[in-house]
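Just so you know, all these numbers are worked out from the coordinates, no wet-lab data involved. Model, not experiment: these values are computed from the prediction. Don't worry about glycine lacking a Cβ; one is built from the backbone with ideal geometry, like all the others, and counts go over all protein chains shown.
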Amino acid sequence: MSDGFLPTEKFSTDLDRLFVWRRDVRHFRKDPLEKGLLETLIERACLAPSVGNAQPWRFLNIETPSIREKVASNFERENGLAAATYKGTKANLYASLKLAGLREAPIHLAVFADTETDAGSGLGRRTMPETLAYSTVCAIYTLWLAARARGVGVGWVSILDPQVLSEDLNAGENWQFIAYLCIGYPVENHDEPELVRQGWQDRIDASKVLFSR
């Protein structure tokens, strides 16, 4: 049994600052991470909550250049299709956005959820099997905060064809693709999302997302 945790005001303030500084990073330095740091981040990610304590997250560290190139081609193809859905000034703005750091980030991490894991014995997911994916997202966010606390940036690349990606990565048969992460030291640090700074989408006030019944 561990001692009870009593957070201080300083801890709460620092945690709030961490939430603010946890930004999606697209501009990376090419410097490698310190030795052992990726493994540390994975260990922290594994502290995330999961349905039935199933711990369904599976991480693939993509190091092979030819596979990385396939991922980059996947992004470029899907990004072109996405760009075609916009018109006028929105199309011009979209074309100017940097939406991935695939060419610069030293670490590429593909994250999957094992949809057939025996761990947890099915507890909590009979009615909502998608909670395995939700659990994996919790692990991603835990990794993200742990990375930022160590000065490391993370970017989530969502403009990808999941089926093609899974095939290119030779992922496990029952692994559901959740996220492709670029990880490395950021070129710059910001307390506002890049899409706010670029004029794509402002923050929505918290008062507009809380409802009562």
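Assorted remarks:
- Sites counted here are GluC sites (Glu not before Pro) in a DSSP loop (not H, G, I, E or B) having no more than 13 other Cβ atoms within 10 Å; the longest part of the chain that contains none of them is 64-115.
- DSSP-loop trypsin sites (Lys or Arg not before Pro) across segment 137-200, with at most 14 other Cβ within 10 angstrom: 150
- Relative contact order computed over segment 88-171 (Cα-Cα under 8 Å; 6+ residues apart), in percent: 29
- 10 Å-binned pair-distance histogram of the chain (Cα, whole percent): 7, 27, 35, 24, 6, 0, 0
- Going from the fewest other Cβ atoms within 10 Å to the most, the residues 135, 158 appear in the order 158, 135.
- Cross-link partners of residue 30 among lysines, defined as those whose alpha carbon lies under 28 angstrom from its own and excluding same-chain residues fewer than eight positions apart: 70, 98.
- Rel. contact order, % - alpha carbon contacts under 8 angstrom, at least six apart, the chain: 36
- Order of 31, 24 under a 10 Å beta carbon neighbour criterion, fewest first: 31, 24
- Choice from 196, 71, 111 showing the highest fluctuation, given a GNM over the chain with Cα pairs closer than 10 Å: 196
- The chain - mean residue ellipticity at 222 nm from DSSP helices (-39,500 (n - 2.57) per run, n ≥ 4, rounded to 500): -11500 deg cm²/dmol
- Among 170, 61, 189: highest mean-square fluctuation, GNM of the chain, C-alpha pairs under 10 Å: 170
- Among 177, 19, 59: highest mean-square fluctuation, GNM of the chain, C-alpha pairs under 10 Å: 19
- Listed by Cβ neighbour count within 10 Å, with the fewest neighbours leading, 138, 46 appear as 46, 138.
- For the pair segment 34-106 / segment 144-203, the C-alpha centres are spaced 4 Å from each other.
- Under Karplus coefficients 6.51, -1.76 and 1.60, residue-wise ³J(HN,Hα) of segment 115-127 in Hz, glycine/proline x: 7, 10, 4, 7, 4, x, 6, x, 4, x, 10, 5, 8
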